[in-house]
Amino acid sequence: MSAIRLERTGGLVTARFDKPRGNSIDEPFVMELAQVARDLGADPSVQGVMLASAHPKLFCPGLDLVTLLEYDRPAMQRFMGLFTEMVRALYSLRKPLVAAIGGHAVAGGCILALTADYRVLKRGGVQIGLNEVKVGVPLPWSVMVLLRASVPPSALTPVALLGRNFADEDALATGLADQLADADLFDDFCRARLEEFAEKDLAAVAVTKAYLRDGVLREMRSRETEEASVWLDRWFSDSARERIRQIVASMGKGR
């Protein structure tokens, strides 16, 4: 079954995440989202794309730990390669991309949001952040490069090293969100932001966006292979495995 529902109004397309466990990221999801990005990027009739969620309380909670905990090292290495390809496919999309963050976006969910040109966060306590260090794994190399290009230097310590989540004005201050929108106006507000991009000369937007992101994409690729083993070493460390098992166990109790 598809995990992403495409909703089209004229030249604007919403890629709406709609899968079990609140859009948790597994292998089929990353493969589908990467293909969606490639397909929409190649479609000349598409003028803009929005990432959104069908779940009212969750944009995306990050990796599907229940599934990935069972992966051995070669399988996890394959998954992380696909995850990186997905991030690059979204970040290199030459169409305007808006993230409509109407529910919590943590860890991998925050990463998805960071690939967008503009991030709208629903006001009223919706959390966004990168909590990888709390799980005991570092940010993957490409994610670190993406984060450094997305937020001011003053935000790197609280976001990356302390693994805090942020909401409302605090999320704006860190650069994880560009604007807040009230719940009752949220969908219309996000669509208006995408329309603002789509009203511009799209060829000019595409070239300018490519220029802005070329250096970041080059840096991502520069050390992906050599840094992948560093990340995998931490993922399979005893301390990280124990923390992940505890998180999975707590998820089971909450059902």
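Out of contact with any strand residue (DSSP E or B) (no Cβ under 9 Å at 6 or more places or on another chain) and surrounded by fewer than 21 Cβ atoms within 10 Å (Cβ to Cβ) - does that describe any residue in the range 91-110? Looking for residues that are out of contact with any strand residue (DSSP E or B) (no Cβ under 9 Å at 6 or more places or on another chain) and surrounded by fewer than 21 Cβ atoms within 10 Å (Cβ to Cβ), one finds at least one in the range 91-110, hence yes.
Quick one: in the range 126-136, of everything that is modelled with pLDDT under 95 and part of a loop (DSSP other than H, G, I, E, B), which residue is farthest from Glu196 (Cα to Cα)? Looking at residues that are modelled with pLDDT under 95 and part of a loop (DSSP other than H, G, I, E, B), I get Gly136.
Conditions tested, residue by residue: (1) in contact with a Leu (Cβ under 8 Å, 6 or more places away or on another chain); (2) within 22 Å of Ala107 (Cα to Cα); (3) touching a residue at least 60 places away in the same chain (Cβ under 8 Å).
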| site | (1), (2), (3) |
| --- | --- |
| Pro20 | no, yes, no |
| Ala34 | yes, yes, no |
| Val46 | yes, no, no |
| Leu58 | no, yes, no |
| Asp72 | no, yes, no |
| Ala75 | no, yes, no |
| Arg78 | no, yes, no |
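I'd like the full set of residues that are touching a residue at least 24 places away in the same chain (Cβ under 8 Å), open to solvent by less than 60 Å² (accessible area, probe 1.4 Å) and either farther than 19 Å from Val49 by Cα or among the hydrophobic types (A, V, I, L, M, F, W, C) (or both), limited to the range 173-196. Residues satisfying the conditions are Gly175, Leu176, Ala177, Leu180, Ala181, Phe186, Phe189, Cys190, Leu194. Going residue by residue through the range 107-122, is there one that turns out to be hydroxyl-bearing (Ser, Thr, Tyr), modelled with pLDDT of 95 or more and assigned to a strand (DSSP E or B)? Yes; the residues of the range 107-122 include at least one that is hydroxyl-bearing (Ser, Thr, Tyr), modelled with pLDDT of 95 or more and assigned to a strand (DSSP E or B).
Residues considered: Arg243, Arg218. Of these, the only one that is within 21 Å of Ile111 (Cβ to Cβ), among the basic types (Lys, Arg), in a helix (DSSP H, G or I) and free of Cβ contacts under 8 Å to residues at least 12 places away in the same chain is Arg218.
I need a count of the residues in the range 44-102 that are assigned to a helix (DSSP H, G or I), in contact with a Ser or Thr (Cβ under 7 Å, 6 or more places away or on another chain) and of a type in the set (A, V, I, L, M). Final tally of qualifying residues: 2. Scanning the range 1-18 for residues that are part of a strand (DSSP E or B) and either free of Cβ contacts under 8 Å to residues at least 12 places away in the same chain or open to solvent by 70 Å² or more (accessible area, probe 1.4 Å) (or both) yields Arg5, Leu6, Glu7, Arg8, Thr9.
Check the range 88-102 and report whether any residue there is in contact (Cβ under 8 Å) with a residue 24 or more places away in the chain and closer than 26 Å to Arg243 by Cα. Looking for residues that are in contact (Cβ under 8 Å) with a residue 24 or more places away in the chain and closer than 26 Å to Arg243 by Cα, one finds none in the range 88-102, hence no.
Checking each residue in the range 110-147 for being touching a Leu at 6+ places or on another chain (Cβ under 7 Å), farther than 21 Å from Val98 by Cβ and not aliphatic (A, V, I, L, M) picks out only Glu132.
This table checks each residue for (1) over 18 Å from His104 (Cα atoms); (2) open to solvent by 70 Å² or more (accessible area, probe 1.4 Å); (3) touching a residue at least 24 places away in the same chain (Cβ under 8 Å); (4) not in a helix (DSSP H, G or I).
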{"position": "Pro138", "(1), (2), (3), (4)": "yes, no, yes, yes"}
{"position": "Leu156", "(1), (2), (3), (4)": "yes, no, no, no"}
{"position": "Ala171", "(1), (2), (3), (4)": "no, no, yes, no"}
{"position": "Arg213", "(1), (2), (3), (4)": "yes, no, yes, no"}
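Which residues, counting only those in the range 57-69, are closer than 11 Å to Asp26 by Cβ and surrounded by fewer than 16 Cβ atoms within 10 Å (Cβ to Cβ)? Hit for the range 57-69 is Val66, nothing else. Selection of the range 19-39 for residues being among the basic types (Lys, Arg) and either open to solvent by less than 10 Å² (accessible area, probe 1.4 Å) or within 16 Å of Glu85 (Cβ to Cβ) (or both) yields only Arg38.
The values are calculated or read from the model by the stated rules, or taken from the named source; none is laboratory data. What you are looking at is a predicted structure, and each value in this text was computed from that prediction instead of being measured. All Cβ positions, glycine included, derive from the backbone under ideal geometry; neighbour counts span all protein chains shown. Calculation scope for accessible area: heavy atoms of the full protein, side chains included, ligands and nucleic acids excluded. Shrake-Rupley method; radii C 1.70, N 1.55, O 1.52, S 1.80 Å.
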